[in-house]
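Enquirer: Got a structure here, written out as structure tokens. Questions coming.
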Amino acid sequence: QFGRFEMRGRIDISSGLWPAFWTLGNSGQWPANGEIDIMEYYKGKLLANIASLGANKKAKWFSKTKSTDVLGGKKWASKFHVWRMDWDNEAISLYVDNILLNKTNLNALTNDDGTDINPFRQKHYILLDLAMGGLNGGDIGDTKFPTKMKIDYVRVYQK
């Protein structure tokens, strides 16, 4: 809870792949426990997402995307990059290579179920994964295997 979270890594942006560096809150069921996608990629775009519980009992997303084509496409993806989250008691800010992708105030992230619970005022745990296919990953038919998400480091700095 709170601090700077970093991952230096290289992701494969081949079709159908869905790499992610993300967190979930320790308490509660998803999405009421909160989700932070520090790095997520699929279908040609990087996503910087934050989710809490909406009034409809589904995820309420605060999401920004950036096309990997704008960043340089396959050439960009062939290099290592640093994804970072700065999280304090005021806001969550998500970056790639010091480019701000998403900044969301914590006050906006309270669950909309009448409980007044803010899932971003609790501890979270980190997940790293490389999913394939599915609704978001899409068709993997043209992807050459094996494929990898290479991680140089993951660091957490706490205030």
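The values are calculated or read from the model by the stated rules, or taken from the named source; none is laboratory data. Values in this document were obtained by computation on a predicted structure and should not be read as measured data. Glycine also receives a Cβ, built like all others from the backbone with ideal geometry; neighbour counts cover every protein chain displayed. For accessibility, only protein heavy atoms count, side chains too; no ligands or nucleic acids. Shrake-Rupley method; radii C 1.70, N 1.55, O 1.52, S 1.80 Å.
Enquirer: PHE120 fails exactly one of the following numbered conditions: (1) open to solvent by 20 Å² or more (accessible area, probe 1.4 Å); (2) touching a strand residue (DSSP E or B) at 6+ places or on another chain (Cβ under 7 Å); (3) over 18 Å from LYS43 (Cα atoms). What is the number of that condition?
Expert: That leaves (1) as the condition not met.
Enquirer: Same structure again: Let me spell it out: the conditions are (1) free of Cβ contacts under 8 Å to residues at least 12 places away in the same chain; (2) basic (Lys, Arg); (3) surrounded by 16 or more Cβ atoms within 10 Å (Cβ to Cβ), and LYS75 meets all of them except one. Which number is the exception?
Expert: (3)
Enquirer: Exactly one condition in (1) touching an Asp or Glu at 6+ places or on another chain (Cβ under 8 Å); (2) surrounded by fewer than 18 Cβ atoms within 10 Å (Cβ to Cβ); (3) on the phi < 0 side of the Ramachandran plot is false for ASN26; which is it?
Expert: Against the list (1) touching an Asp or Glu at 6+ places or on another chain (Cβ under 8 Å); (2) surrounded by fewer than 18 Cβ atoms within 10 Å (Cβ to Cβ); (3) on the phi < 0 side of the Ramachandran plot, ASN26 comes up short only on (1).
Enquirer: What strands (runs of 3 or more DSSP E), lying completely within the range 1-75, carry at least 2 residues that are within 30 Å of THR143 (Cβ to Cβ) and touching a Leu at 6+ places or on another chain (Cβ under 8 Å)?
Expert: Numbers: elements: 3-10, 17-25, 35-42, 45-53, 59-67.
Of the strands (runs of 3 or more DSSP E) lying wholly inside the range 1-75, those with at least 2 residues that are within 30 Å of THR143 (Cβ to Cβ) and touching a Leu at 6+ places or on another chain (Cβ under 8 Å) span 17-25, 35-42, 45-53, 59-67.
Enquirer: Another one. Exactly one condition in (1) open to solvent by 30 Å² or more (accessible area, probe 1.4 Å); (2) in contact with a helix residue (DSSP H, G or I) (Cβ under 7 Å, 6 or more places away or on another chain) is not met by THR115; state its number.
Expert: (2)
Enquirer: Looking at the range 44-70, which of its residues are touching a residue at least 24 places away in the same chain (Cβ under 8 Å) and either open to solvent by less than 40 Å² (accessible area, probe 1.4 Å) or touching a Ser or Thr at 6+ places or on another chain (Cβ under 8 Å) (or both)?
Expert: Once the filter is applied, which keeps residues that are touching a residue at least 24 places away in the same chain (Cβ under 8 Å) and either open to solvent by less than 40 Å² (accessible area, probe 1.4 Å) or touching a Ser or Thr at 6+ places or on another chain (Cβ under 8 Å) (or both), the range 44-70 yields GLY44, LEU46, ALA48, ASN49, ILE50, SER52, LEU53, GLY54, ALA59, LYS60, PHE62, THR68.
Enquirer: Here's something else I'd like to know. Let me spell it out: the conditions are (1) outside any strand (DSSP E or B); (2) under 15 Å from the mean Cα position of the chain (by Cα), and THR147 meets all of them except one. Which number is the exception?
Expert: (2)
Enquirer: Based on this model, can you work out whether ILE126 counts as closer than 25 Å to ARG8 by Cα and open to solvent by 50 Å² or more (accessible area, probe 1.4 Å)?
Expert: Values: closer than 25 Å to ARG8 by Cα: yes; open to solvent by 50 Å² or more (accessible area, probe 1.4 Å): yes.
Spelling it out, ILE126 is indeed closer than 25 Å to ARG8 by Cα and open to solvent by 50 Å² or more (accessible area, probe 1.4 Å).
Enquirer: With touching a strand residue (DSSP E or B) at 6+ places or on another chain (Cβ under 6 Å) and either buried (at least 21 other Cβ atoms within 10 Å of the Cβ) or over 19 Å from ILE151 (Cβ atoms) (or both) as the only criterion, which of ILE38, ILE99 stands out?
Expert: Of the residues listed, the single one that is touching a strand residue (DSSP E or B) at 6+ places or on another chain (Cβ under 6 Å) and either buried (at least 21 other Cβ atoms within 10 Å of the Cβ) or over 19 Å from ILE151 (Cβ atoms) (or both) is ILE38.
Enquirer: In this structure, is ARG4 within 17 Å of LYS103 (Cβ to Cβ) and open to solvent by less than 70 Å² (accessible area, probe 1.4 Å)?
Expert: Working: within 17 Å of LYS103 (Cβ to Cβ): yes; open to solvent by less than 70 Å² (accessible area, probe 1.4 Å): no.
Taking the combined requirement at face value, the residue does not satisfy it.
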